[in-house]
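Novice: The structure follows.
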Amino acid sequence: MKRLLFIFILMVYFNNIFAATSNPIVRIETSKGDVIIELYPEQAPATVKNFLRYVDDEFYDGTLFHRVIKDFMIQGGGFVPGLQQRQTYPPIENEADNGLKNDRGTIAMARTGVIDSATSQFFINLIDNDYLNYRNSSSQGYGYCVFGKVISGLNVVDEISQVKTVKVEQSRYVHYSDVPEDDVLIKKVTVLRNTMDETAE
């Protein structure tokens, strides 16, 4: 009886989420709990398409939140345990000039200093990181592309942000900072609803 009640509550919960938006929704299952993300294909079409491509390929399953900085962001989607990097598709266009801001709870693409260098890695903002927003078309001012927002599970994101981190040296020339001492796994990323497929039909 309790199990049936739980299933019913869960169905009502997701029905309410689906009713509130017509955008694609994904679930990120982590070792700390689930995070539900609403994606914004209208504002960031290429970025959302790229992200969903990795999801469909099950690329993110078994990867890590490998970089955690308290009061800043948590980053994942590129490394598996042992800090081995997965092979990605080519980089995509940076859509940071889409008007979306790097506010608390938003998800954005990680990249190098090159404007159009984002591939698979993403981060979730823990606070309003205004300086990551698009300011101008220069390499210093282009910013980081926001393409969605956490609509459930922000408490899980906050819990991840509190884990102890260390510096990891893989070799004399390769080292990583702000790595969780204990792995924070992205167990699986699942599309709960993909309205981009409906639009394409």
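Novice: Go through the residues of segment 111-122 one by one and say whether even a single one is out of contact with any Lys or Arg (no Cβ under 6 Å at 6 or more places or on another chain), closer than 24 Å to Ile25 by Cβ and not in a loop (DSSP other than H, G, I, E, B).
Specialist: Checking segment 111-122: at least one residue is out of contact with any Lys or Arg (no Cβ under 6 Å at 6 or more places or on another chain), closer than 24 Å to Ile25 by Cβ and not in a loop (DSSP other than H, G, I, E, B).
Novice: Looking at Asn136, is it crowded, with 20+ Cβ neighbours inside 10 Å and not aromatic (Phe, Trp, Tyr)?
Specialist: On the way: crowded, with 20+ Cβ neighbours inside 10 Å: no; not aromatic (Phe, Trp, Tyr): yes.
Criteria not met by Asn136.
Novice: Quick check on this structure: which one of Leu132, Leu126, Leu83 is in contact (Cβ under 8 Å) with a residue 60 or more places away in the chain and not polar (S, T, N, Q)? Break it down into steps so the answer makes sense when it comes.
Specialist: Values: Leu132 fails: in contact (Cβ under 8 Å) with a residue 60 or more places away in the chain; Leu126 fails: in contact (Cβ under 8 Å) with a residue 60 or more places away in the chain.
Result: Leu83 is the single residue among Leu132, Leu126, Leu83 that is in contact (Cβ under 8 Å) with a residue 60 or more places away in the chain and not polar (S, T, N, Q).
Novice: Does segment 94-103 contain any residue that is at positive phi and either in contact with a strand residue (DSSP E or B) (Cβ under 7 Å, 6 or more places away or on another chain) or surrounded by 16 or more Cβ atoms within 10 Å (Cβ to Cβ) (or both)?
Specialist: Here is the first cut: in segment 94-103, the ones at positive phi are 99.
Imposing the further condition that a residue be either in contact with a strand residue (DSSP E or B) (Cβ under 7 Å, 6 or more places away or on another chain) or surrounded by 16 or more Cβ atoms within 10 Å (Cβ to Cβ) (or both) reduces the set to none.
Looking through segment 94-103, none of the residues is at positive phi and either in contact with a strand residue (DSSP E or B) (Cβ under 7 Å, 6 or more places away or on another chain) or surrounded by 16 or more Cβ atoms within 10 Å (Cβ to Cβ) (or both).
Novice: Being in a loop (DSSP other than H, G, I, E, B), more than 14 Å from the chain's Cα centre (by Cα) and modelled with pLDDT of 95 or more is the filter here, so list the residues in segment 139-159 that pass it. Break it down stepwise before answering.
Specialist: Taking segment 139-159 as the starting set, the residues that turn out to be in a loop (DSSP other than H, G, I, E, B) are 139-145, 153.
Keeping just the survivors that are more than 14 Å from the chain's Cα centre (by Cα) gives 139-143.
Selection gives Gly141, Tyr142, Gly143.
The values are calculated or read from the model by the stated rules, or taken from the named source; none is laboratory data. If you're wondering where the values come from, they're calculated on a predicted model, not measured in any experiment. Here the Cβ is made from the backbone with ideal geometry for all residues, glycine too, and neighbour counts use every protein chain on show.
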